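Everything on this sheet refers to the single structure shown next.
The values are calculated or read from the model by the stated rules, or taken from the named source; none is laboratory data. Quick caveat, the model's predicted, so the values are computed rather than measured. All Cβ positions, even for glycine, are placed from backbone atoms using ideal geometry, and neighbour counts span all protein chains on display.
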Amino acid sequence: MINLTKQAGFDLARRHRAEQRFQWAGRLAILTSLAFLVFMTGSILIDAAGVVRRTQIAVAVDLKSGLVDPADITSASFGAILKSGLRAQFPEVSTRRQKKKLYNLVSPEGSFEIKRQVRDDPALLGGVQTLWLTASDDLDLYLRGKIDTSLPENRRRISNAEVTWIEELQQAGQIRRVLNWGFLTGGDSREPEIAGILSALIGSLFSLAVCFSLSFPIGIGAAIYLEEFAPKNRISDLIEVNINNLAAVPSIVFGLLGLSIFLGYMGLLRSSPLVGGMVLALMTLPTIIIAARASLRSVPPSFKEAALALGATPVQAVFHHVLPVAMPGMLTGAIIGMAQALGETAPLLMIGMVAFIVDLPQSILEPATALPVQIFLWADSPERAFTEKTAAAIIVLLIFLIAMNLIAILLRRKLEQRF
Amino acid sequence: MTRPFIAARGMNVFYGDKQALFDIDLDIEANKVTALIGPSGCGKSTFLRTINRMNDLIANCRFDGSLQIGGQQVYDTAVDVVALRAQVGMVFQKPNPFPKSIFDNVAYGLKIHGLASSKSELQDRVEWSLKSAGLWDEIANRLDQPGNSLSGGQQQRLCIARTIAVQPKVILMDEPCSALDPIATAVIEDLIDSLREDYSIVIVTHSMHQAARISQRTAFFHLGRLIEAGDTTQMFTTPREEQTQNYITGRTG
């Protein structure tokens, strides 16, 4: 008699239960991590939504009455022009304090915006012009309902008088919200409404370029030598142990090393992406070497043997047959190292890439900051509107990261297609 | 009797402390197929790999004694292993084409040694090699396909074509048919027989029948020692040693 059912014995019920338990535990783990992921990206996205648009106010400014010399636009006092334009719209404002509040409706950048518009279009001179200027972050927050007007007046950033002005402006159609390209094309600023991410993005790009061009060739070279040519003895064992340990050294230590050697001893440029990239390269080298060695080790030795038996020199055998097969894995390791470097803040703080950078860096020798440092700086700023900037900067960082991984995947697929 | 092309005298090979070959004296003649037979671990593969110094890749392998090819010492400081291996080719147990196209597999040796001065010469020599290896008719129209897309037997013939492309004097074969089915084996055996005219071939094999079919000379190894060497017909009909007799009749092994 043969029994093929669950009741056949063999302790089947218990064994199947154990299996079910384990599978459910696994599903639960995945669900939990997914929930965390959704929660995290969701909250970042919601926070960042405010950055998508910026608020503008239309102000009628008087550009005729001899206040601006067409031959020398930059010398004109656009701040005063802007202020008188605002006063003209609200003639009832009289006290110094109220006037200051009125001026604060427009971003401090407003006077520069008038200057730029006049410079780009001199035809504006010679009449009263209505120009769209960026509004202050407080006005922007108020319009989006982020300021609780039920609080007592002295505990909020928008006073009752300002609320009336804003409503008046709104009724006159003098307030609009436009796409905030400035965030992607501008540099940092003390004013959240005009602060942009591009200077930090460029700083990160420059640093990573330096980091990659140093750590990839050196790392791959070291890995090839250690794996394929170095004699296996106590010294090479020692080197291997040290490389593995270096991969686990806290990154700030590399920052200190960069500070004392690159800046202190070699006297390289402080705050520059060059030094930042060099420090990041030190940090990523162990990762790249370890990944590259593992990748080389996984290449079947038969390719190398076949090449050697044909009379290839060891270097030819490695470079013609082992390296192409190991390359996709090496690239993966390098990209992982680069991703680490992209998100690294501590070593950059040590070498002064924490600077307040308004202008876009033009070369790797100019002071710059990096994306994670920018996030850190904004998260540290007291203005409420910087919270949104922080979230948006995190998204930019994530997109950068995803783009890097995408390139790595494409590159790997392309290399792997060669048989 | 012809002068031996490869001559081993008092050859000892060690892997660290372990001795793999003991005092081998063996002559291998030109333009003949010499089969090395014996049970696993008897040292026949070690002997084969000393001829083109592939054993150099093993860190603690040590050679002692004399091994000459064409009157020149193989283990001599003046010897360049690259030159040695260019003239003593090798075919491995498992087919190991490079992960490149069929054409590039054969062309590789020609390229690194600079044996083809022009593209058309390269093509001619690749074609000649593939024809000599009896593979041309099967793959002539798909030279750009990867080498490992071929069947096992075809891959092994590709490896033979790759080896003969650089026109070595000697071809070493380490159980070239052990991973192949009988039909592919028969094709390779025919090929080996036809290559004998131009090359000296040393082949390690586990198959007595294969040794009997394709070789003119046979050497029987046991536990690192050369028990007996001689003409294949004589070895398989009237072996001098009892150990040989037992092995080839399948009583021990």
Tell me the residue from A:THR95, A:THR32, A:THR74, A:THR55 that is touching a strand residue (DSSP E or B) at 6+ places or on another chain (Cβ under 7 Å) and of a type in the set (S, T, N, Q), please. A:THR55
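Here is a yes/no grid of residues against (1) in contact with an Asp or Glu (Cβ under 9 Å, 6 or more places away or on another chain); (2) under 22 Å from B:GLN216 (Cβ atoms); (3) in a loop (DSSP other than H, G, I, E, B):
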site	(1), (2), (3)
B:ASP23	no, no, no
B:ASN31	yes, yes, yes
B:CYS42	no, yes, yes
B:ASP64	no, no, no
B:LEU67	no, yes, no
B:VAL79	no, no, yes
B:VAL82	no, no, no
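It is to be established whether one or more residues within the stretch B:188-205 are of a type in the set (Lys, Arg), part of a helix (DSSP H, G or I) and surrounded by fewer than 23 Cβ atoms within 10 Å (Cβ to Cβ).
Applying the first criterion (of a type in the set (Lys, Arg)) to the stretch B:188-205 yields B:196.
Right, trim to part of a helix (DSSP H, G or I) and you get none.
No - not one qualifying residue is present in the stretch B:188-205.
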Out of everything in the stretch B:101-114 that is in contact (Cβ under 8 Å) with a residue 40 or more places away in the chain and closer than 14 Å to A:GLN316 by Cα, what residue ends up being farthest from the other protein chains (Cβ to nearest Cβ)? B:LEU110
Look through A:ALA35, A:ALA13 and report the one residue that is part of a helix (DSSP H, G or I) and modelled with pLDDT under 90. A:ALA13
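Which one of A:LEU285, A:LEU310, A:LEU342 is under 17 Å from A:ILE202 (Cα atoms) and at pLDDT 90 or above?
Working: A:LEU285 fails: under 17 Å from A:ILE202 (Cα atoms); A:LEU310 fails: under 17 Å from A:ILE202 (Cα atoms).
Only one candidate qualifies: A:LEU342.
Hey, can you tell me all the residues within the stretch B:224-249 that are part of a helix (DSSP H, G or I) and within 20 Å of B:SER40 (Cβ to Cβ)? Before you say what the answer is, go through the steps one by one.
Quick first cut of the stretch B:224-249, residues part of a helix (DSSP H, G or I) only: B:232-237, B:242-248.
Those that are part of a helix (DSSP H, G or I) and within 20 Å of B:SER40 (Cβ to Cβ): B:MET235, B:GLN243, B:THR244, B:GLN245, B:ASN246, B:TYR247, B:ILE248.
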Checked A:ILE175, A:ILE166, A:ILE239 against criteria (touching a Ser or Thr at 6+ places or on another chain (Cβ under 7 Å) and of a type in the set (A, V, I, L, M, F, W, C)); the one match is A:ILE175
Take the residues in the stretch A:304-324 that are small (Gly, Ala, Ser) and at the interface with another protein chain (Cβ under 7 Å from one of its Cβ atoms); name whichever of them is nearest to A:GLY221 (Cα to Cα). A:ALA312
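Do you know which of the residues in the stretch B:80-100 that are more than 7 Å from chain A (Cβ to nearest Cβ) and touching a residue at least 12 places away in the same chain (Cβ under 8 Å) is nearest to the chain's Cα centre (by Cα)?
Applying the first criterion (more than 7 Å from chain A (Cβ to nearest Cβ)) to the stretch B:80-100 yields B:80-81, B:83-84, B:87-88, B:91, B:93, B:95, B:97.
Still in the list and also touching a residue at least 12 places away in the same chain (Cβ under 8 Å): B:81, B:84, B:87-88, B:91, B:93, B:95, B:97.
Numbers: B:VAL81: 17, B:LEU84: 14, B:GLN87: 12, B:VAL88: 9, B:VAL91: 6, B:GLN93: 10, B:PRO95: 13, B:PRO97: 16 Å.
This residue is B:VAL91.
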Which residue out of B:VAL79, B:VAL13, B:VAL88, B:VAL74 is under 16 Å from B:LEU223 (Cα atoms) and aliphatic (A, V, I, L, M)? B:VAL13
Restricting to the stretch A:383-419, name every residue that is touching a residue at least 40 places away in the same chain (Cβ under 8 Å), within 14 Å of chain B (Cβ to nearest Cβ) and in a loop (DSSP other than H, G, I, E, B). A:ARG418
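Check whether at least one residue in the stretch A:58-73 is without any contact (Cβ under 8 Å) to a residue 60 or more places away in the chain, surrounded by fewer than 20 Cβ atoms within 10 Å (Cβ to Cβ) and within 25 Å of A:GLN171 (Cβ to Cβ), and report yes or no. Before the answer, list the steps.
Residues of the stretch A:58-73 without any contact (Cβ under 8 Å) to a residue 60 or more places away in the chain: A:65-73.
From what is left, the residues that are surrounded by fewer than 20 Cβ atoms within 10 Å (Cβ to Cβ) are A:65-67, A:69-73.
Right, trim to within 25 Å of A:GLN171 (Cβ to Cβ) and you get none.
Checking the stretch A:58-73: not a single residue is without any contact (Cβ under 8 Å) to a residue 60 or more places away in the chain, surrounded by fewer than 20 Cβ atoms within 10 Å (Cβ to Cβ) and within 25 Å of A:GLN171 (Cβ to Cβ).
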Among the residues of the stretch A:304-311, is there at least one that is closer than 30 Å to B:VAL170 by Cα, in a loop (DSSP other than H, G, I, E, B), more than 12 Å from the chain's Cα centre (by Cα) and hydrophobic (A, V, I, L, M, F, W, C)? yes
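Quick one: in the stretch B:135-166, which of the residues that are outside any loop (DSSP other than H, G, I, E, B) and of a type in the set (Gly, Ala, Ser) is surrounded by the most Cβ atoms within 10 Å (Cβ to Cβ)? Explain how you work it out, then say what you get.
Narrowing the stretch B:135-166 to residues outside any loop (DSSP other than H, G, I, E, B): B:136-139, B:146-149, B:152-165.
Next, from what is left, pick out any that are of a type in the set (Gly, Ala, Ser): B:147, B:149, B:152-153, B:161, B:165.
Numbers: B:GLY147: 24, B:SER149: 14, B:GLY152: 14, B:GLY153: 21, B:ALA161: 26, B:ALA165: 28.
Per the criteria, the residue is B:ALA165.
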A:ASP140 is checked against (1) touching a residue at least 24 places away in the same chain (Cβ under 8 Å); (2) not in a helix (DSSP H, G or I) and fails just one. What number does that condition carry? (2)
Spot the failing condition for B:PRO4; the list is (1) surrounded by 15 or more Cβ atoms within 10 Å (Cβ to Cβ); (2) modelled with pLDDT of 90 or more, and only one is missed. (2)
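Per-residue answers, yes or no, for (1) at pLDDT below 90; (2) outside the structural domain of A:ALA281 (by TED's automatic domain parsing); (3) buried (at least 23 other Cβ atoms within 10 Å of the Cβ):
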{"residue": "A:HIS321", "(1), (2), (3)": "no, no, yes"}
{"residue": "A:ALA326", "(1), (2), (3)": "no, no, yes"}
{"residue": "A:MET330", "(1), (2), (3)": "no, no, yes"}
{"residue": "A:ALA346", "(1), (2), (3)": "no, no, no"}
{"residue": "A:MET353", "(1), (2), (3)": "yes, no, yes"}
{"residue": "A:ILE357", "(1), (2), (3)": "yes, no, yes"}
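Looking at B:GLY71, B:GLY16, B:GLY43, B:GLY10 in this structure, which one is within 14 Å of chain A (Cβ to nearest Cβ) and at positive phi? Steps first, answer last, please.
Working: B:GLY71 fails: within 14 Å of chain A (Cβ to nearest Cβ); B:GLY43 fails: within 14 Å of chain A (Cβ to nearest Cβ); B:GLY10 fails: within 14 Å of chain A (Cβ to nearest Cβ).
None of the others qualify; the one that does is B:GLY16.
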Would you please name the residue that is nearest to the chain's Cα centre (by Cα), looking only at residues in the stretch A:16-57 that are exposed (fewer than 12 other Cβ atoms within 10 Å of the Cβ) and among the hydroxyl-bearing types (Ser, Thr, Tyr)? A:SER43
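Residue-by-condition table, conditions (1) surrounded by fewer than 23 Cβ atoms within 10 Å (Cβ to Cβ); (2) within 14 Å of chain B (Cβ to nearest Cβ); (3) part of a loop (DSSP other than H, G, I, E, B); (4) not charged (D, E, K, R):
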site: A:ALA195; (1), (2), (3), (4): no, no, yes, yes
site: A:SER207; (1), (2), (3), (4): no, no, no, yes
site: A:ALA222; (1), (2), (3), (4): yes, no, no, yes
site: A:LEU226; (1), (2), (3), (4): yes, no, no, yes
site: A:ASN244; (1), (2), (3), (4): yes, no, no, yes
site: A:GLY267; (1), (2), (3), (4): yes, no, yes, yes
site: A:ILE289; (1), (2), (3), (4): no, no, no, yes
Identify the single condition in (1) in contact (Cβ under 8 Å) with a residue 40 or more places away in the chain; (2) out of contact with any helix residue (DSSP H, G or I) (no Cβ under 7 Å at 6 or more places or on another chain); (3) of a type outside the set (A, V, I, L, M) that B:GLY38 does not satisfy, given that it satisfies every other one. (2)
Look at the stretch B:44-62 and say how many of its residues are closer than 21 Å to A:GLU227 by Cα and in a strand (DSSP E or B). 1
